[in-house]
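Data block below; observations after.
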Amino acid sequence: MGQMDDAAKAFGDFLCALGLNAENSGIDIADSARHAAELMASWMRGVSDARPELSRMTAPDTDIVVLKALPFYSFCGHHFVPFFGTVDIEYRPDKFIAGLGGFTRVIDHYARRPQFQEQLCSDIAHHIYEDLQPQGVRVRLNARQMCLELHGKGAGIQIETVKQIGSFD
């Protein structure tokens, strides 16, 4: 049995342990378990995928580069439900700037693993700082946490986290 088969079986067993079966749920447990396992494997690929690198180009005479409202979807490491929102990135170039697509790859890489919002914010900031060596980088995440919403606490509330490394002076 392969890894995906093992994951599908475990998820099916989990659903059955919760008391779900074809008679009381109207779903095909084995089929649903396979789909869930495949989706979770996709969500968690950032754990094993290679670290993307930002392509560096010589920085023009620019004070600050700002990227706004880059979307992300991640998975809470506490409840294993999604949290999602947007990332704003600001950096003060020293010698290098990066291609814009690289930032979305960096965000997706770190978002595709179970974690807390604060860790995601920090990982993205450190990655940019290491690859571009700017004078300063600031990453801001605004996210909705489905663990709060599913518990009936704060539908639509956005939580903001900020990580700054270096200087903007």
| Residue among 138, 105, 112 that alone is in contact with a strand residue (DSSP E or B) (Cβ under 7 Å, 6 or more places away or on another chain) and in the same structural domain as residue 155 (by TED's automatic domain parsing) | 138
| task | Would you tally the residues in the stretch 92-114 being surrounded by fewer than 18 Cβ atoms within 10 Å (Cβ to Cβ), more than 12 Å from residue 137 (Cβ to Cβ) and touching a Pro at 6+ places or on another chain (Cβ under 6 Å)? | result | 1
| When you go through (1) modelled with pLDDT of 90 or more; (2) aliphatic (A, V, I, L, M); (3) under 22 Å from residue 82 (Cβ atoms); (4) more than 25 Å from the chain's Cα centre (by Cα) one by one for residue 33, which number turns out not to apply? | (4)
| note | Residue count, the stretch 62-101, condition among the polar types (S, T, N, Q) and more than 17 Å from residue 121 (Cα to Cα), comes to 1
| query | If a residue has to be surrounded by 22 or more Cβ atoms within 10 Å (Cβ to Cβ) and part of a strand (DSSP E or B) to count, how many in the stretch 115-150 make the cut? | reply | 5
| query | Of the residues that sit in the stretch 12-39 and are polar (S, T, N, Q) and in a helix (DSSP H, G or I), which one is surrounded by the fewest Cβ atoms within 10 Å (Cβ to Cβ)? | reply | 24
| task | Within the stretch 47-79, work out how many residues are under 14 Å from residue 132 (Cα atoms), touching a residue at least 60 places away in the same chain (Cβ under 8 Å) and out of contact with any Phe, Trp or Tyr (no Cβ under 8 Å at 6 or more places or on another chain). | result | 1
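The values are calculated or read from the model by the stated rules, or taken from the named source; none is laboratory data. Please read these numbers as outputs of a predicted model, since none were measured by experiment. Note that each Cβ is placed from the backbone with ideal geometry, even for glycine, and that neighbours are counted across all protein chains shown.
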